[in-house]
Amino acid sequence: MNAPVTVSILGLGEMGRALAAALLGAGHTVTVWNRTPGRAERLIEDGAIEAPSAGVAIDASELVVVCLFDHDSVHETLDPIVDRLHGRVLVNLTTTSPEQARELGLWARAGGIAALDGGIMAVPSMIGGPGSEILYSGDQSSFERYRNVLDRWGTSSYLGADPGLASLYDIALLSGMYVMFAGYMQGAALVATAGVSATAFAERSAAWLSAMTGELAGYGRVIDGGDYTVAGQQSLDFSDLSKMLEAADEAGVGAVPLAMVQSLIERQRGVGLGAEGFARIFESVRHTVG
């Protein structure tokens with residue numbers, strides 16, 4: 001579908017405004033609505049139409065995009081006007097849990113609404129530019145039909161019919177990001193005791209962490225194969241972080257990120273598996289304590 005499409009955006013937080021602006025720049029007719037007035041001025045200047053209500057916004061378009069605060073706000077907005085969505089395609093880009101996304105998928109199906117759930121792997125300033133990706137799951141025919149519209153926001157990746165998949169991947173990828181950031185901050189706290197700035201340490205960390213991402217594929221193969229004794233792996237015994245924890249204590253800084261990894265290592269060593277590879281801490285994560 002290359003012709004301009006009518007799109008309504010419900011929710012004009014920073015992300016909602018970025019989504020609307022990208023579509024306006026591509027020549028689509030965009031109607032916007034926000035629960036709190038006063039956020040559409042710039043979009044209106046660029047050609048957007050502001051609707052007085054969510055229902056009017058839905059009536060205006062074939063593709064309805066929801067980017068609200070949370071799962072409850074989606075239902076609060078859409079439940080009273082669900083009939084107006086019949087025959088339209090709903091794209092939910094509100095951050096939700098996988099189970100909430102699945103619940104919304106069932107809700108949409110019951111109402112005769114074709115729906116996609118999305119996970120935005122970008123900050124608002126990235127929308128429409130390099131590096132922006134949005135993950136989708138749910139109704140594949142809707143994804144294919146509107147792919148050229150969705151691509152205006154970044155790379156569009158369809159993960160499968162299960163509405164919860166996009167949210168699941170979103171949470172999984174963000175998990176890696178936040179733990180990485182916490183590790184950087186742990187290091188920054190350590191070098192700060194020697195007068196090194198966090199900015200200077202960030203430059204060195206970025207190069208090191210980027211190089212280390214090349215190890216992920218190897219870890220993935222080991223985990224999928226389930227054999228943590230494969231030759232060439234760094235053992236859990238060798239990976240012991242006690243000395244790093246001692247160094248943090250001597251420096252007088254907190255060590256929660258390091259301690260978290262050490263606890264995962266200790267759970268495997270505690271049952272006699274210290275000679276096996278570091279990737280075995282995956283089992284410490286996969287199986288909750290109990």
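With θ set to phi - 60°, apply the Karplus curve 6.51 cos²θ - 1.76 cosθ + 1.60 along the stretch 256-264 and write out the HN-Hα couplings as whole Hz, x wherever there is a Gly or Pro.
3J(HN,Hα) across the stretch 256-264, in whole Hz: 4, x, 5, 4, 4, 5, 4, 5, 5.
I'd like the FRET efficiency for residue 196 and residue 97, computed as 1/(1 + (r/R0)^6) with the beta carbon distance as r and R0 of 35 Å, rounded to 0.05. Please list the in-between numbers first.
Numbers: r = 39 Å, r/R0 = 1.12.
So, using R0 = 35 Å, E works out to roughly 0.35.
Need one word for the stretch 1-66: rounded, prolate or oblate. Basis is the Cα gyration tensor (sqrt eigenvalues a ≥ b ≥ c); a/c below 1.5 gives rounded, then a/b vs b/c decides.
Details: a/c = 1.73, a/b = 1.24, b/c = 1.40.
Oblate, because a/c is 1.5 or more while a/b does not exceed b/c.
If one takes the longest principal axis of the Cα atoms in the chain, at what angle in degrees, from 0 to 90 and to the nearest 10, does the Cα axis of helix 198-212 lie?
Orientation of helix 198-212: about 90 degrees from the principal axis.
Taking 8 Å as the Cα distance limit and 6 or more residues as the minimum spacing, I'd like the relative contact order of the chain as a percentage. Walk me through the intermediate numbers first.
Details: 452 pairs, mean separation 35.6, N = 290.
Once divided by the residue count of the chain, the mean separation gives 12 percent.
What is the list of residues in the stretch 241-268 whose amide nitrogen lies under 19 Å from a point 7 angstrom out from the Cα of residue 209, following Cα to Cβ?
254-262
Calculate how steeply helix 14-25 sits against the longest principal axis of the alpha-carbon atoms of the chain, using the helix alpha-carbon long axis, and give the answer as 0 to 90 degrees to the nearest 10.
60 degrees
Could you tell me the relative contact order of the stretch 6-161? Use alpha-carbon pairs under 8 Å, at least six residues apart, and round to a whole percent.
20 percent
Only Cα pairs under 8 Å and at least 6 apart count here; give the relative contact order of the stretch 193-286 as a rounded whole percent.
Relative CO of the stretch 193-286 lands at 35 percent.
Give me the angle, in degrees from 0 to 90, between the Cα long axis of helix 242-251 and the longest principal axis of the Cα atoms of the chain, rounded to the nearest 10.
Approximately 80 degrees, to the nearest ten.
Which percent, to the nearest 5, of DSSP beta bridges fully inside the chain are antiparallel?
25 percent
Rg to Rh ratio, the stretch 6-161, alpha-carbon atoms and Kirkwood radius? Before the final figure, lay out each step's value.
Working: Rg = 14.0 Å, Rh = 15.2 Å.
Ratio value, two decimals: 0.92.
Take the Cα pairs of the stretch 193-286, get the Kirkwood Rh, then feed it into Stokes-Einstein at 25 °C and 0.890 mPa s and tell me D in µm²/s.
Numbers: Rh = 14.9 Å.
The calculation lands on 164 µm²/s.
If you place +1 on the Cβ of every Lys and Arg and -1 on the Cβ of every Asp and Glu, how big does the dipole about the Cα centre of the chain come out, in debye to the nearest 20?
300 debye
Where does the Debye-calculated log10 I(q)/I(0) of the stretch 79-176 sit at q = 0.11, 0.22 Å⁻¹, using only Cα point scatterers of equal weight, no solvent?
These q points yield log10 I(q)/I(0) values of -0.30, -1.11.
Around residue 76, under 10 Å between beta carbons, what's the net of Lys plus Arg minus Asp minus Glu among the other residues?
Surrounding charge for residue 76 is -2.
Using 11 Å as the cut-off for backbone N distance, which residues of the stretch 183-200 belong to the label zone defined by a point 7 Å from the Cα of residue 249 along Cα→Cβ?
Nothing falls inside the zone, counting backbone N under 11 Å.
Which entry in (1) 1.02; (2) 0.98; (3) 1.23 matches Cα Rg over 2.2 N^0.38 Å derived from the coordinates of this structure?
Entry (3).
Along the Cα→Cβ direction, 7 angstrom out, place labels at residue 238 and residue 219. What is the inter-label distance in nm?
Reported label-point gap for residue 238 and residue 219 is 1.6 nm.
Computed FRET efficiency, Cβ-Cβ of residue 62 and residue 161, R0 22 Å: what is it to the nearest 0.05?
After rounding, the FRET efficiency stands at 0.55.
Using only DSSP helix segments of four residues or longer, with each worth -39500 (n - 2.57), what per-residue ellipticity at 222 nm results for the chain after dividing by its residue count and rounding to 500?
Numbers: 13 runs with 137 residues, N = 290.
Helices in the chain give a 222 nm mean residue ellipticity of -14000 deg cm²/dmol.
No value in this document is a laboratory result; all are computed from the given coordinates. Bear in mind that the values here come from a model prediction, so they are computed numbers and not experimental data. Cβ coordinates were reconstructed from backbone atoms using ideal geometry, including for glycine residues, and neighbour counts include every protein chain displayed.
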